[in-house]
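Scroll down for the structure; my scribbles are underneath it.
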Amino acid sequence: MKCTIPGRGIRAFGKAIHCLAKIGDELYIEALQNGLALKTVNNARSAYACFLFQRGFFHSYSDGREKAKDGEESLKCRITIKSCVSVFKALSTLEKTVDHCRLQLDLQENKLVFVFHCKHGITKTHNLGFQECEALQAVFTKELCPNHISVPAKVLSEVVTNFPNSLEEVTLLAQPEGVQLKNYVEEDSIDGTRVPFTEISLAPAEFDDYQIGVDASVTFCLKELRAVLLFTDAINHNLSLRFETAGK
């Protein structure tokens, strides 16, 4: 697998890696025919995230599937996500200095190679060891979800800032009349200190798209939501949520 990331795409690619690093410990890379997929799953396997960079995102892209093992449709590998984060640690500097980045899977050396071609003829190379792995894929069909809402990332980011950083979970109540986000706490916590109760309501007018087919109450971890918002807010993109009931 070989591909070239243009300078204008460095920020989005790096932000995606930083987002995934806040969810899981390992980065799964799969070279698909239609683009490069970056995936991870958290330790509890309750949260899965995938970024698919389409072929058009790259200056050039070759999936290298002719080198895949018999019976496999694509090349795939797994690396520690911390090692990949270190490559894109100084994103603001990379944006200003990198003309393009060449990414390659070296199957002979079991290395994932990043080569940054910078201004003034400077080249920086990072070699990351990888392991072969099975495909990582969550099983879901978003088109079958009766509820769909789309909201600007900045709106949801402002809502999330109202909850304390120590809060692990938040509950989303969705009805045709609007959405409520709240935290459920006991009257007194285990150590006897009181925990604040926060509830925020959003009217359908706050959303770009608001379709609620079934009333739902869904509780999920704030950590993963905050990670996704860091990415969508940085690229000024809307966040689309599709859901049914708890666990679906």
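The values are calculated or read from the model by the stated rules, or taken from the named source; none is laboratory data. Being a predicted model, the structure only gives us computed values, none of them experimental. Counting neighbours? That spans all protein chains shown, and the Cβs are built from the backbone with ideal geometry, glycine included. For the accessible areas, the whole protein counts, side chains as well, though only heavy atoms, and no ligand, DNA or RNA atoms are used. Shrake-Rupley method; radii C 1.70, N 1.55, O 1.52, S 1.80 Å.
State whether one or more residues within the stretch 10-18 are within 23 Å of A234 (Cα to Cα), of a type in the set (K, R) and touching a helix residue (DSSP H, G or I) at 6+ places or on another chain (Cβ under 6 Å). Yes, because at least one residue in the stretch 10-18 is within 23 Å of A234 (Cα to Cα), of a type in the set (K, R) and touching a helix residue (DSSP H, G or I) at 6+ places or on another chain (Cβ under 6 Å). The number of residues in the stretch 184-218 that are outside any helix (DSSP H, G or I) and either at pLDDT 90 or above or surrounded by 14 or more Cβ atoms within 10 Å (Cβ to Cβ) (or both) comes to 19. Restrict the check to the stretch 13-31 and report whether at least one residue is in contact (Cβ under 8 Å) with a residue 12 or more places away in the chain, among the hydroxyl-bearing types (S, T, Y) and crowded, with 18+ Cβ neighbours inside 10 Å. The answer is yes; a qualifying residue exists. A44 passes all but one of (1) free of Cβ contacts under 8 Å to residues at least 60 places away in the same chain; (2) of a type in the set (A, V, I, L, M); (3) under 25 Å from G7 (Cα atoms); which number fails? Condition not satisfied by A44: (3). State yes or no: is Q131 polar (S, T, N, Q), within 30 Å of L107 (Cα to Cα), open to solvent by 80 Å² or more (accessible area, probe 1.4 Å) and modelled with pLDDT of 85 or more? The answer is yes for Q131.
When V155, V170 are checked against the criterion of being modelled with pLDDT of 90 or more, outside any strand (DSSP E or B), of a type in the set (A, V, I, L, M, F, W, C) and within 25 Å of the chain's Cα centre (by Cα), a single residue qualifies: V155. For L136, the conditions (1) under 30 Å from E95 (Cβ atoms); (2) in contact with a strand residue (DSSP E or B) (Cβ under 6 Å, 6 or more places away or on another chain); (3) outside any loop (DSSP other than H, G, I, E, B); (4) not hydroxyl-bearing (S, T, Y) all hold with the exception of (3).
Being at negative phi, modelled with pLDDT under 85 and of a type in the set (S, T, N, Q), is that true of even one residue in the stretch 52-72? No. Scanning the stretch 44-79 for residues that are in contact with an Asp or Glu (Cβ under 7 Å, 6 or more places away or on another chain) and of a type outside the set (A, V, I, L, M), we see that the one that is most open to solvent (accessible area, probe 1.4 Å) is R65. Please verify whether G178 is touching a residue at least 24 places away in the same chain (Cβ under 8 Å), among the small types (G, A, S) and in contact with a Pro (Cβ under 9 Å, 6 or more places away or on another chain), treating the condition exactly as stated. In short, yes. For the stretch 100-123, residues that are under 18 Å from R8 (Cβ atoms) and surrounded by 13 or more Cβ atoms within 10 Å (Cβ to Cβ) total 9.
For P6, the criteria (1) of a type outside the set (A, V, I, L, M); (2) open to solvent by 40 Å² or more (accessible area, probe 1.4 Å); (3) touching a residue at least 60 places away in the same chain (Cβ under 8 Å) hold in every case but one, which is (2).
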